[in-house]
Amino acid sequence: MEYLENSKHYTGSELDRTFFMPLLYGETAQEIGVKILYNMPVPTSVAVAQSKQNILQKLDKKGWSNTQDIHATNVEIPMFRVKAENAYSAADYFSTIYEHLLLDAKVNMEDLAGTELETVETEMFRQTVAENIRITMWLGDSTASAGYNTFDGFLKQIMEGVEEDFVSTGTYKDTDLQDPAYVTTIFDKLMGDSTSGIKGMKDKSKLVYFVTSDLYEMYVKYLDNKGVEPAYMEEINGRKRLCYHGIPVIDMNINHYAYKDSIPKSFGFLTQRDNLVLALNTSDMPGAEVRMWYNPDEMENRQRAVFLAGCKVLDLSYVSVMKKEPVM
């Protein structure tokens, strides 16, 4: 066996079950750290309801005495037709798949079943698609001529909100980052300079610090200086992420990707986890599919996924940003 020539084609429920469901509800989804909507009706919208104040009344008469209804605001998430494509030299593709199979002690290399090959091929493509969705979710810019331009990501929306004063913002200097402890000052300022809505939240479990890798590494170094137990308490308790005062600190892991100067190279922001929504859809798009096949004319293996995708910051007033001042 030198080439993998059996084609794979997923549509409908098989597309959901075999390809997208493991992507959206496994460890990959937890690493993304935002709210994910899958196969919601198109146009996709999220109802944002505000809690009503002063609902306690004197019980001095019978009947219904409510005087104010709660009105939810529907925020629409723009959805875009996207596709992901890969092509490998047939020989390189076989070597890659074979290497993955060698790592599985349960696989009998003398008698490879089609299911085992298909599982490895599907998982390899799924990881590639997941990473590209994740990066576009953060760095996407639909106005760009190249790069991650299929839909606008969270960071473009947030930085435009900063320019229009919809987002509370502050700055720090490059010299501030020489002391690892300063990262806690950034976290404190993100909370202290945030809107009253964030400060007044009784349930802080939905708050998240999203940071660039330099700030995340600074926080790790700060905790290391404190000692082993504080540094890795969350990991000992079964959590993979670090927290600050109970609020998760998540590395956006974007620094090794090229992106526009409108997004700072070093920054962090505080928001609610449910305030950032990623939406994917395969049920309301004709032609949605995942296909893997061998092209004998070019002697290459090809992969393609076609679906709808988009993301939205629901309320920019629930975002607080700290960014590094540009070096003059």
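For this structure, a couple of remarks:
- Within the range 135-176, the set of residues being more than 18 Å from the chain's Cα centre (by Cα), of a type in the set (Phe, Trp, Tyr) and open to solvent by 10 Å² or more (accessible area, probe 1.4 Å) comprises 166 only.
- Residue within the range 156-167 that is basic (Lys, Arg) and closer than 30 Å to residue 79 by Cβ present: yes
- So residue 260, is it of a type outside the set (Asp, Glu), buried (at least 18 other Cβ atoms within 10 Å of the Cβ) and in contact (Cβ under 8 Å) with a residue 60 or more places away in the chain: no
- Residue list for the range 275-328, restricted to those being open to solvent by 50 Å² or more (accessible area, probe 1.4 Å) and of a type in the set (S, T, N, Q): 283
The values are calculated or read from the model by the stated rules, or taken from the named source; none is laboratory data. Please read these numbers as outputs of a predicted model, since none were measured by experiment. No Cβ is skipped: glycine too gets one built from the backbone with ideal geometry, and neighbour counts run over all protein chains shown. Protein only, heavy atoms only, side chains kept; ligands, DNA and RNA dropped before computing areas. Shrake-Rupley method; radii C 1.70, N 1.55, O 1.52, S 1.80 Å.
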